[in-house]
Amino acid sequence: MPRQITLQEWDQRYEQLRKAGPHQPDYNGPLGRHVEDGDTRLLKLRYDNSAAALRLWNFLLTEEERLHRSRAEGKKLVGTMKDLGTVPVMAYSLDNIAAFYPDGAWWIPCVMESNTVLLRIADRLGIDESFCPVRAMLGAFLTGGHFPIPDLLICSVGATCDDFSAIAQRLNGLGYAILWWEIPHRRRPEPDEVEVKLPGGFQAPRCQVEFVKSELQRLKTALEELAGQRLDEKKLSAGIKKANMVRTLLAELRKLVFTAKLSPLPALEMLIAEMLAIHFCSDQNETIIVLKDLLEEVKARIKAGIGFLSPDVARIFWVNPVADLQVMNLLEDCGGRICGTEYLFTHALDTIPQDLPPTEALAQMALADPMAGSSIDRAGRICTDIRTFGAEALVISRIPGASHCALEGQVIGEIVQDKLDIPVVELEVPPFTDSMRPTLRTRLEALVETVRVRREK
Amino acid sequence: MICAGIDAGSRTIKIVLIETDTRRVITKAVTDQGVEQDKLASQLFQRLLKSSGLGRQDVGRIAATGYGRNAISFADTTITEITCHAVGVRRLVPNAMTVIDIGGEDSKLIRLDKAGRVRDFAMNDRCAAGTGRFFEVIARRLGVNISSLGQLAAKSRRPAPISSMCVVFAETEIIGLLACGAAREDIIDLPIVFTGGVAMVSGMDTALRSALGQAVTVSPDPQMTGALGAAILAAKQITPY
């Protein structure tokens with residue numbers, strides 16, 4: 001039966017699985033070993049008890065080892081910063097490049113309670129707690145104790161987080177060369193401009209698409225120089241096709257998990273799975289296998305009519321990823337389940353058009369990024385997805401210091417209430433929520449109670 | 001049969017006993033909060049039952065609310081103070097559309113729909129300015145009783161700013177909404193009912209009225225509305241009309 005178990009329980013269960021189960025990937029193993037590496041916050045989480053979830057967690061928590069191995073094997077490493085889902089697709093179109101997402105270092109203090117050293121380094125560099133937790137990335141670069149320093153750093157600027165730009169500029173100032181590329185703020189075409197319909201239902205003028213194409217062309221040249229091979233249209237199309245396999249798997253997973261009568265997979269595992277869309281956890285092929293496993297597990301649970309929560313739990317749509325993973329467990333403790341998410345990279349979950357020239361398709365996807373457009377556009381997409389997944393309430397999670405979260409939450413909340421008349425609550429979720437757990441609990445429980453009372457209509 | 005509502009707040013514990021069928025209040029009481037919340041609540045509960053000539057067997061259901069609700073071991077269920085204040089206030093002020101609850105250590109704004117159900121809510125628990133704890137500290141500093149703070153303030157001819165923060169709420173989401181240019185009527189539906197222990201501090205309703213630019217009604221028995229709501233919701237679990 002599906003249920004959520006502790007790390008200690010997982011270690012016992014792992015032994016059973018190992019003895020009875022099929023061949024395990026080389027990165028699998030008891031989850032408890034990651035605590036020995038210092039990931040002590042993992043002790044506070046509750047995990048799905050499936051073998052597929054174990055594989056997902058082990059895949060996530062062994063990324064650094066994978067990157068070091070890639071380097072040892074002679075692969076070139078590309079750090080794709082800020083960009084949420086475009087440059088990794090290009091990089092993985094070349095067989096001797098592994099791309100990763102240094103911004104992901106923001107999770108390090110979230111799972112390694114004792115590892116506040118990264119944040120202290122950022123503090124010393126003038127990037128204090130008024131910035132997004134991504135600032136931990138600065139510490140990870142300076143200590144070199146986490147991911148290997150990439151051979152090429154690419155970072156998007158323009159219509160992206162102001163605070164992230166400041167963090168990346170600070171990194172640049174420390175001597176880490178960065179290849180910048182610009183994403184313009186997406187706007188609707190003027191009457192005399194040619195309109196391009198973007199994935200996700202947005203529009204942009206042709207000139208903006210052309211501009212992004214020219215930016216991607218610069219990146220393509222840099223990637224070719226690094227790889228020592230051409231990134232022609234055939235390779236790029238194949239890369240897009242593979243990225244779409246990930247996106248298609250995730251789309252199916254999201255649809256099944258968010259709409260199933262009984263919740264077949266916890267919010268926490270869904271968050272980790274969705275994140276794979278933007279960074280592939282440094283191994284695109286393995287990402288596909290991990291997601292297929294999860295999907296099979298979910299399908300089997302739905303077919304068997306089993307889930308881990310009661311059928312009457314409140315159906316919650318969640319906006320923005322949390323800085324403290326425990327909060328995803330907390331939602332379920334409070335009587336809610338995830339039925340829809342918008343973690344700032346919805347565009348990376350939509351399939352990339354395969355009937356267009358590949359650079360055009362990627363440029364359109366980059367412009368469809370929720371962060372590249374207005375808050376009103378973002379709220380519109382959220383409303384559409386809330387309807388699709390049948391969510392009954394909205395949680396907007398703010399990340400302290402993240403400029404988008406600070407400004408957009410209220411706009412999104414008001415638009416959703418106006419259009420859908422569902423209750424909305426905003427939460428501020430810092431990397432460590434232990435001391436504020438009672439107040440977070442009250443807000444989430446009150447939201448769930450409000451949903452239940454509304455059902456009595 | 002009776003039902004009980006226990007509001008284990010950050011500063012005080014309040015208990016209301018009601019008749020399950022009629023929802024009539026039988027008795028109520030309040031005591032100061034302490035380290036042993038469960039024990040204090042239990043003692044108050046036993047005292048109330050005894051003074052009313054009732055026994056534990058007469059109690060059908062107990063609902064706990066408030067910050068310490070999960071510490072009340074003898075409660076059958078827990079409900080947040082947001083839902084309980086909405087129900088309690090609506091019982092006392094049937095046309096209430098907005099509830100402002102200022103308790104010992106936080107403040108809440110609750111919007112209701114026409115049927116009295118919670119539409120949405122905002123909480124400020126990041127800053128204690130304007131809460132009961134804040135007034136306790138001020139009263140102690142001034143060497144006066146908390147109940148005379150209002151009279152003292154009314155005599156002031158040159159109010160001294162104590163900080164750059166708002167007098168009533170600091171950093172609240174409510175003020176945030178106002179600052180963003182939203183029309184007051186879009187944020188707060190009338191009538192507004194002021195509840196929670198701080199509503200008993202004289203002058204606070206005037207300060208709220210002034211801050212909001214709207215009439216504010218102080219709830220009858222404002223300290224007890226959370227416990228009353230909890231008792232009604234407990235009774236609803238037995239007789240849901």
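Available extension along the chain between A:Leu43 and A:Leu407 is 127.7 nm, counting 0.36 nm per residue and deducting the alpha carbon span. When all alpha carbon pairs of the protein assembly as shown are counted in 10 Å bins from zero, the resulting P(r) reads 3, 14, 22, 23, 18, 12, 6, 2, 0 %. Under 25 °C and 0.890 mPa s, how fast does segment A:154-223 diffuse according to Stokes-Einstein, given a Kirkwood radius computed over C-alpha pairs? Answer in µm²/s, whole number. For the chosen part, D equals 180 µm²/s.
Going by how many other beta carbons lie within 10 Å of each one, how would you line up A:His23, A:His279, fewest first?
Fewest-to-most ranking of A:His23, A:His279: A:His23, A:His279.
In the protein assembly as shown, helices alone account for a calculated mean residue ellipticity at 222 nm of -13500 deg cm²/dmol, with every DSSP H run of four or more residues adding -39,500 (n - 2.57). For the protein assembly as shown, the antiparallel share of DSSP beta bridges with both residues in that region comes to about 40%.
At 0.36 nm per residue, and after removing the present C-alpha to C-alpha distance, how many nm does the segment from A:Ile5 to A:Cys207 gain when stretched out fully? Could you put the intermediate results ahead of the total?
Details: separation 202, 0.36 × 202 = 72.72 nm, distance 5.21 nm.
Between A:Ile5 and A:Cys207, full extension yields an extra 67.5 nm.
In square nanometres, what is the average projected area of the Cα convex hull of segment A:41-142?
Computed as one quarter of the Cα hull surface, the answer is 8.1 nm².
Once the other residues with Cβ under 15 Å from the Cβ of B:Glu19 are scored (Lys, Arg +1; Asp, Glu -1), what is the net sum?
Values: positive: B:Arg23, B:Arg24, B:Lys28, B:Arg61, B:Arg91, B:Lys236; negative: B:Asp21, B:Asp58.
Once positives and negatives cancel, what remains is +4.
Cα-Cα over 22 Å: which of A:Lys44/A:Lys82; A:Lys75/A:Lys242; A:Lys75/A:Lys213; A:Lys76/A:Lys213?
Over 22 Å apart, Cα to Cα: A:Lys44/A:Lys82; A:Lys75/A:Lys213; A:Lys76/A:Lys213.
Residue pairs exceeding 26 angstrom between C-alpha atoms, taken from A:Lys19/A:Lys241; A:Lys197/A:Lys241; A:Lys303/B:Lys236: A:Lys19/A:Lys241; A:Lys303/B:Lys236.
Only the coordinates and a few stated rules stand behind these numbers; no lab work does. Note that the coordinates shown come from a computational prediction; the quantities given were computed from them, not determined experimentally. Using ideal geometry, Cβ is built from the backbone for each residue, glycine included, and neighbour counts are taken over all protein chains shown.
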